Structure formats: structure tokens, C-alpha cells
Amino acid sequence: MKPSDLSTLPPGVPEALEDEGVEELYPPQAEAVEAGVADGESVVASVPTASGKTLIAELAMLSAVQRGGKALYIVPLRALASEKKAEFERWEEFGVDVGVSTGNYESDGEWLASRDVIVATSEKVDSLVRNGAAWVDDLTCVVSDEVHLVDDSHRGPTLEVTLAKLRRVNPGLQVVALSATVGNADEVADWLDADLVQSDWRPIDLKTGVHYGNAVNFDDGSQREVPVGTGEKQTESLVADALDERIDGQGGSSLVFVNSRRNAEGAAKRMAEVTSRRLDAGEKNDLRELAAEIRDVSDADTSEDLARCVEKGAAFHHAGLASEHRSLVEDAFRDRLVKCICATPTLAAGVNTPARRVIVRDWKRYDGEFGGMKPLDTLEVHQMMGRAGRPGLDPYGEAILLAKDRDTMDELFERYLWAEPEAVRSKLAAEPALRTHVLATVASGFATSREGLLDFLDRTLYASQTDDDARLAEVTDRVLEYLEVNGFLDREGGSLTATGIGHTVSRLYLDPMSAAEIIDGLEAAEADAESLRQSPADRQSGGRDAEGVDAGVTAGETGFVTGNELAASSGADGGGDGRGGEDAGDGSGRAGGAGGTERTVTPLGLYHLVSRTPDMYQLYLKSGDRETYEEEFYEREGEFLGHAPSEFEDVAFEEWLSALKTARLLEDWASELDEDRIAERYGVGPGDIHGKVDTAEWLLGAAERLSAELDLDSTIAVREARKRVEYGVGEELLDLAGVRGLGRKRARRLHEAGIETRADLREADKPVVLGALRGRRRTAERVLENVGRKDPSMDGVRKDAGASAAATAAVEGDDEGGQATFGDFS
DNA sequence: ATGTTAGTCATCTAGACAGCATGTC
DNA sequence: CTAGATGACTAACAT
């Protein structure tokens with residue numbers, strides 16, 4: 001079958017496909033067409049990675065648009081959303097507009113309504129449905145990429161419920177589900193009332209095998225001699241072997257999957273020795289430039305370590321990397337500059353990074369719940385192996401597992417090479433998942449009674465997979481109870497309605513349990529504030545958590561003291577610690593139960609509040625941390641909002657402490673501590689810092705909304721805490737840091753130069769501004785423009801050396817030396 | 001005295017979605 | 001039921 005046989009695509013598209021080199025559809029694609037993907041029929045395509053799934057989706061979406069419809073492409077990751085958008089944008093010349101919507105990158109609602117194809121993450125789609133985005137009703141085609149992720153216990157239910165909702169809103173909806181090869185694609189197809197297209201066909205041959213002794217034993221019976229040299233390990237030998245096998249003059253790149261970040265970094269360091277011996281002068285030069293770019297991204301140790309590997313032609317890849325690091329590494333790997341990446345599973349599910357050879361070094365991974373090293377799922381290993389084979393570059397791909405002994409080799413063959421991947425199983429009938437989705441389902445009007453709810457849930461994959469209806473009903477009832485007790489739902493007679501706050505929680509996309517925690521914490525603070533105004537006798541509990549009230553005490557006059565003073569304006573001690581000082585009214589220690597402590601809402605209290613929420617993935621307590629944070633806990637006891645567990649409640653106390661660790665990270669961030677210092681202090685990478693900050697920003701935003709809606713006094717304090725996290729600055733920089741073009745560092749330098757507010761900036765002497773911004777004219781002009789200065793031009797202005805020197809001394813770890821330089825690099 | 005090696009012990013563990021609202025004397 | 005690589009530290013031993 002050829003593209004020109006497809007009559008339902010927009011005019012010009014078949015020709016364009018042929019120009020791209022698609023002369024003949026791949027067998028699975030042809031099969032999908034026969035099943036009617038291009039005619040509005042629902043299809044589940046369960047085929048290997050890189051065998052043309054995207055084209056199947058494109059045929060569905062383009063023909064839907066040609067019929068006057070609108071298509072949605074659901075992805076599991078934000079990074080994939082931008083990748084797909086870029087890919088689909090080539091259809092714009094045929095009149096097909098593409099839009100993206102993720103939490104990060106939001107095109108506004110109305111604009112999206114005008115797009116023909118929209119790419120979004122499943123959570124974003126869920127959120128859009130909850131918020132009643134009008135264009136959802138216009139959808140005629142939905143593509144769900146990587147549907148096998150419905151098996152994921154955390155995010156799977158969202159996808160499942162979202163698909164059910166979309167189908168309910170629009171009964172004629174075409175659903176195209178793209179899946180890796182799984183054990184039960186037929187069940188997924190049944191659930192979606194779709195035709196099943198199943199195939200093992202791959203455009204590039206994939207050879208899979210196990211390395212043991214001095215050879216790779218492939219599953220087709222062939223062998224490849226790969227001796228392990230003295231002092232070398234299996235991985236080294238295999239990476240070297242791939243590089244030494246020149247095809248069209250090019251050595252092959254390798255992707256090594258390992259089970260921890262540390263292993264990824266360690267392996268990359270060793271592989272760098274292998275790759276560095278096989279680079280030509282040009283490559284060495286390019287790699288040096290790349291390494292410089294990497295060092296430019298951040299000052300953290302990871303950055304330096306990565307740069308050192310990259311200089312030698314290898315790299316590591318895991319979630320601790322800043323996203324800039326990740327894309328630099330991915331791009332360089334695709335450009336064949338970086339010869340080997342050692343990665344955690346980030347890369348298996350992420351953007352497209354094919355390699356000639358994939359080495360799955362570790363096939364077990366630590367799992368706390370399991371209580372030890374757990375073998376990876378067959379599906380997961382298959383996903384990794386599927387990265388082997390670069391279309392157009394390699395004649396075939398190789399995926400190799402490593403065995404140290406015969407028994408292991410046999411086990412690997414059985415478990416991963418000969419085995420069918422697992423069946424996907426819905427994880428919907430778990431309380432955390434239902435808590436969220438039951439509330440959302442009621443709040444957005446998909447159900448108005450318990451029966452209606454169960455009826456809706458009956459449209460999910462879970463229902464289609466289970467015989468035990470009672471279980472779902474039982475969990476649902478527990479969840480309904482929880483939601484009612486916490487004031488998110490009303491049950492009257494048989495009918496269910498969301499309360500005002502319930503609606504808000506649903507729209508904010510919060511886990512109801514997070515919302516309850518936040519509300520409890522804020523109300524406990526409120527109750528304390530209340531007690532300041534009333535005599536202790538008629539103090540009454542306004543909080544849900546009555547016990548929380550006792551934690552606070554009377555005193556003082558002020559309702560709330562907000563924000564930490566930045567320690568000694570950080571210039572004096574060169575930002576050595578950067579940690580915020582204690583609040584003025586708060587340094588005198590706490591007088592146990594005797595009262596006399598002033599209860600205030602501090603940023604730390606709020607950071608802790610959101611950090612102990614189930615929506616925040618907490619930092620892990622390392623050895624020694626327990627003592628550190630226990631001490632910190634007692635020192636800052638008065639800042640916590642709500643009722644702290646006693647140290648005898650083991651699990652709860654431990655969680656409180658790890659939330660404290662997370663909160664301290666946020667506090668450090670909001671006190672302008674340098675990224676590398678934070679990374680060092682908490683044992684995390686730049687990527688983790690950004691992740692925490694990002695989540696905190698979102699949760700504090702939600703807390704702000706809740707606070708406002710409940711008319712609590714803490715709203716202002718929450719807003720300020722949120723902004724401090726958002727900009728990563730101390731209280732006194734909030735005004736300045738809001739200006740576009742001014743980050744935490746520049747704002748601090750301006751402040752040190754005596755420019756403390758936007759108003760100051762509009763009046764300030766240009767030489768001083770220029771000096772504080774290190775003589776970067778373009779930057780200075782842009783900043784002045786953004787702050788609304790009438791005459792932003794820096795022409796002929798010489799920077800004030802004094803301001804520059806002062807500012808430079810004030811900010812630790814700056815990119816230029818202490819002396820003034822005159823370059824303009826902006 | 002100094003360098004080398006083998007053995008012991010404690011430490012630590014993958015990933016990543018979401019709200020809101022944008023600016024000015 | 002169900003961990004194991006890593007790196008710091010140490011003891012024993014060779015030069």
C-alpha cells in the first residue's frame with residue numbers, strides 16, 4: 001500500500017509523504033489502514049518501538065482534520081509533547097495547525113480551540129476536561145501514545161479515566177491507541193471498542209543476545225566473539241567492540257542502561273576511557289565545545305563531571321541532570337558526537353535516542369516495597385532494547401544483556417528474550433487514584449450519584465478486566481466517605497455534589513489529600529491568629545484538625561510575620577551559607593508548653609506544609625540526616641503549621657523530617673544559596689532542585705487559591721512564599737526579581753549596588769546599573785526596557801567600576817572573576 | 001618506613017505529571 | 001521468600 005492510495009488525507013499530504021521517502025507503508029501501517037484508521041475507525045496498534053507508530057497516528061489525525069474534525073494526541077511526558085509538536089508541524093503547509101498544552105508550556109485556551117491538532121500530556125488533558133475547555137467537545141479523534149502506561153500505578157489511572165471521559169463526552173470519538181507489544185493488547189482493544197493491529201515487524205532488524213564469557217550469544221543462535229580484555233569489564237569490551245565495527249566508515253554508538261544514578265555516572269566515567277581512544281581531532285574539538293556548553297549550564301558538581309565525560313566522548317543521563325544537560329547530551333548522541341550514554345530508565349521512555357547497540361547492564365533494581373533487588377519487567381527491558389537500531393544509519397540494531405555465569409545467562413534468555421511481555425493491568429481500584437478521580441468525576445458533572453459514579457467507572461479498563469465489581473464499589477465508598485468528611489463532597493439522599501472547595505480542589509488538580517493537609521495547616525495557623533484576638537477562654541477551634549490548635553500558643557500582636565530576613569544581606573560573608581536568618585520575633589527559642597511563643601506563618605512553615613503533601617515527592621533521608629533534621633525540628637518547632645507527630649510515631653515522624661529536609665532545600669533556594677551548594681548539601685542534582693522548586697511553586701499557588709477561597713489571613717504570606725520560590729530570592733528582592741530579564745543573581749547585584757526596587761531602577765544612574773550587570777549593555781538595556789524606563793539606551797555609558805566590584809564581591813560563585821571586564825557577551 | 005593488596009564494612013538505591021496569570025508612569 | 005555495587009577504611013604483607 002502506498003500513500004497515494006489513501007484518499008482521505010488532506011490534498012498534498014500523500015505526495016509529501018512520498019517525498020519524505022515513504023513509498024510503501026510498513027506492514028503494520030497498512031494493516032491499520034485496512035482496519036480503518038484513516039476512515040475514523042478506532043484502532044489499537046501494539047507494535048515495537050520505531051516501527052512507524054507515529055505515522056499511524058498521523059494518518060488518523062490528518063484524515064480526521066480533512067473531514068473537518070479536530071484531533072488530540074496524548075503523550076506521557078512533556079518532553080515528548082514538544083518532540084511530537086515539532087514533528088507534526090510539517091503538516092502546517094497543508095493547513096493543519098498544531099498546538100501544545102502542558103503544565104509548562106501553555107498556549108491559551110482560545111488559541112487551542114483554533115488548532116486542528118493538539119498535543120498534550122494525559123494530566124493536562126484531564127485538567128482541561130475538569131476545567132471545561134470548550135474545544136474538548138469538538139474532538140473527533142484522540143490518539144493515546146504509549147497506552148501500556150495505564151499499567152502505571154501512579155499515572156495510569158489518569159490516562160484511563162481521561163480516555164473514558166473523552167469517549168463519554170463524544171460517543172462517536174475515534175480512539176487510536178499506540179502501545180508497545182504487551183501481553184494483552186486484545187483486552188485494551190476490547191475496552192476501547194477498537195480493532196487490534198498487532199505485529200512484531202520492525203523496519204530495522206533487532207538482534208538480541210546475552211554476553212557471557214567471551215562472546216555474545218544471540219537468540220537466533222549466532223555468536224559474536226567479544227573477548228573481555230584484562231582489567232576490562234564486559235560493558236567496556238562491548239562498547240569498544242561496537243565502536244570498532246565500522247559501517248560506512250562509522251563506528252557504532254552504544255546506550256548502556258544501569259540501575260542507579262551513581263552507577264550511570266561511574267559507568268560513564270569508565271566508558272569515557274574507552275571512547276576517548278577512538279576520537280579524531282575534529283570530534284575532540286567539537287566535544288570540547290560541547291563540554292563548555294555543559295559547564296555553562298550550572299556550577300554543580302554533576303555539571304563538571306558530565307563535562308569531563310563528554311570531553312572524552314561519553315555521557316551519563318539521569319533525572320538529576322538539568323533539562324538543558326539532558327537535551328545537550330541527547331542531541332550530541334543523535335549527532336553521533338557522543339559515542340556512549342550510560343543512563344537510568346529516563347532514556348528508555350523518553351525522547352527518541354536510538355543507538356546501534358543497547359547494553360542492558362543491570363536487570364535488577366532496588367525496590368523498597370519489594371524489599372530488595374527486583375528484576376525489571378520484561379516490558380521495561382523490551383522498551384530499552386527497542387532503542388537499538390538507528391533507521392538509515394545501521395543495518396541492524398543489537399540489544400545485549402550481560403551475564404556473569406551460565407545460570408544467569410539462561411535466566412536472562414527465559415525472562416527477557418523468549419518471554420512475552422507482561423499484560424497491562426489497570427491500577428484504578430486503589431484509594432489514592434480513586435480519591436482524585438472520584439472527586440473530579442463528580443465535580444465536572446460526569447456523575448451525580450453513587451450509581452452514576454459506578455456506572456461511569458464501569459467504562460474504564462479496570463471494569464473490563466475484573467469480575468469483582470464489589471471491590472471497586474467498596475473502594476469507591478471508602479473514598480466517598482473520605483471526601484465527604486473533608487468537605488469536598490456533599491451526599492444528600494442518593495445524590496452527590498461537589499462543594500465549592502471540592503470544585504476548586506478538582507480544578508487545581510490537587511490530590512484531595514494534599515488539599516486537606518494544606519487546608520488543615522492553614523486553618524490551624526488561622527485558629528492561632530484568632531486566639532490572639534480573643535481571650536483564651538472563648539478561643540474556639542476553627543480548624544478541621546482540632547488537635548492542631550493546641551500546638552500554637554497565644555501572644556504578640558501581629559497576625560503573621562512573613563518572610564525570613566536574608567542573612568546579613570549575604571554580601572558580607574560572601575553568601576557562605578546564604579541561609580535565611582530567623583524571624584525577628586522568633587529567635588528566642590520556645591518555652592515548651594508554657595506559652596509565650598509567637599506563632600507566625602513563615603515561609604519554612606509553608607514549604608514544609610506543601611512538602612508533606614502526597615503531591616510532593618520527598619527527599620530521602622540519608623544516614624546522619626535523621627539527627628540533623630531532628631535537631632532542626634526542635635529548633636523550628638514553632639514554624640510548622642498544623643499538628644506535628646511525636647517522635648514516637650515512627651513512620652509519621654520520619655516523614656515529617658524528610659518533608660523538613662525538602663522544606664529546607666526550598667528555603668535555601670529562596671535565600672539565594674547557589675545551586676551547587678544546594679546540590680552538595682542535599683545530595684541532589686540540578687534537575688532535582690528544579691523539580692522540587694517547580695512542584696513547590698505549583699502547590700503554593702494552589703495553597704494561595706485555597707487560602708483566598710477560605711478567606712484565611714495567610715493568603716499574603718502564601719503568595720510571598722510562592723514568589724520567593726518562583727524567583728529563588730530573599731524577601732527584599734521580590735520586587736526586582738519580578739522584572740523580566742532579572743534573575744536571582746542580577747537582582748542581587750543591583751540590590752548590592754543600592755538599587756532596591758523597580759522605582760530605583762527607573763531612576764538609577766546608568767553607569768551603576770551597567771556596572772552591576774557586569775557591563776553587559778544589551779542585558780542592561782533589555783532590563784531597563786522591561787522595567788519601563790523611558791530611556792533604556794546604554795549608548796556611550798561607561799560602567800561604574802565601584803558598583804561592579806561591590807556587586808561581584810557580593811555574589812558568590814559568579815561566572816566572571818572579581819575584576820571588571822569590558823566584554824559584552826549577551 | 002613506605003607502598004601494595006586483599007578483605008571488611010557501611011552506605012545507598014528510577015522516574016516526573018499538575019494551577020494561574022503575565023506586563024506600565 | 002527477596003540485593004549487591006561502591007568506596008572508604010584497615011589489616012596484613014612485600015619491598
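Sorting A:Ile678, A:Ile519 by the number of Cβ atoms found within 10 Å of their own Cβ, with the fewest placed first, yields A:Ile678, A:Ile519.
Comparing Cα centroids, the range A:742-787 and the range A:671-741 end up 22 angstrom apart.
Among the GluC sites (Glu not before Pro) in the range A:268-377, those located in a DSSP loop and surrounded by at most 11 other Cβ atoms within 10 Å of their own Cβ are A:Glu369. Cross-link pairs exceeding 32 Å in C-alpha to C-alpha distance, out of A:Lys284/A:Lys622; A:Lys374/A:Lys622; A:Lys2/A:Lys364; A:Lys165/A:Lys723, comprise A:Lys284/A:Lys622; A:Lys2/A:Lys364; A:Lys165/A:Lys723.
Could you tell me the center-to-center distance, by alpha carbons, between the range A:276-324 and the range A:197-261 in angstrom? Using only Cα atoms, the two centres lie 24 Å from each other. Contact order for the range A:3-198, expressed relative to its length and based on alpha carbon pairs under 8 Å spaced 6+ residues apart, stands at 28 percent.
Based on the alpha-carbon gyration tensor of the range A:431-508 and its eigenvalue square roots a ≥ b ≥ c, which shape applies: rounded if a/c is under 1.5, prolate if not and a/b is larger than b/c, or oblate? Prolate, since a/c reaches 1.5 and a/b exceeds b/c. Reducing the range A:351-421 and the range A:110-173 to their Cα centroids gives an inter-centroid distance of 32 Å. For A:Tyr634 and A:Asn104, the FRET efficiency from 1/(1 + (r/R0)^6), where r spans their Cβ atoms and R0 equals 60 Å, is about 0.95.
Estimated from helices alone, the mean residue ellipticity of chain A at 222 nm is -13500 deg cm²/dmol (sum of -39500 (n - 2.57) over DSSP H runs with n ≥ 4, per residue). Applying a DSSP loop filter and a limit of 10 other Cβ atoms within 10 Å to the trypsin sites (Lys or Arg not before Pro) in the range A:606-640 leaves nothing. Of the three principal axes defined by the Cα atoms of chain A, the extents in descending order read 81, 75, 59 Å. The label point for A:Asn285 and the one for A:Ala419, both projected 7 Å from the Cα toward the Cβ, are 5.0 nm apart. As a rough footprinting exposure proxy, the listed residues A:His690, A:His382 were ranked by other beta carbons within 10 Å of their own, and the order from fewest upward is A:His690, A:His382. Among the trypsin sites (Lys or Arg not before Pro) in the range A:728-796, those located in a DSSP loop and surrounded by at most 13 other Cβ atoms within 10 Å of their own Cβ are A:Arg740, A:Lys790.
Just check the range A:41-109 against the gyration tensor rule for me: Cα atoms, a ≥ b ≥ c as the square roots of the eigenvalues, rounded for a/c under 1.5, and otherwise prolate or oblate depending on whether a/b exceeds b/c. It comes out oblate by the Cα gyration axes. With both labels modelled 7 Å from their Cα along Cα-to-Cβ, the A:Glu18 to A:Thr408 distance reads 5.4 nm. What net charge is computed for the residues neighbouring A:Val216, neighbours being all others with C-beta under 13 Å from the C-beta of A:Val216, Lys and Arg scored +1, Asp and Glu -1? Local charge sum for A:Val216: -3.
Values quoted throughout were computed directly from the atomic coordinates according to the rules given, and no laboratory measurement underlies them. This one's a predicted model, so the numbers in the text were calculated from it and none came from an experiment. With ideal geometry, Cβ positions are generated from the backbone for all residues, glycine too; neighbour counts draw on all protein chains shown.
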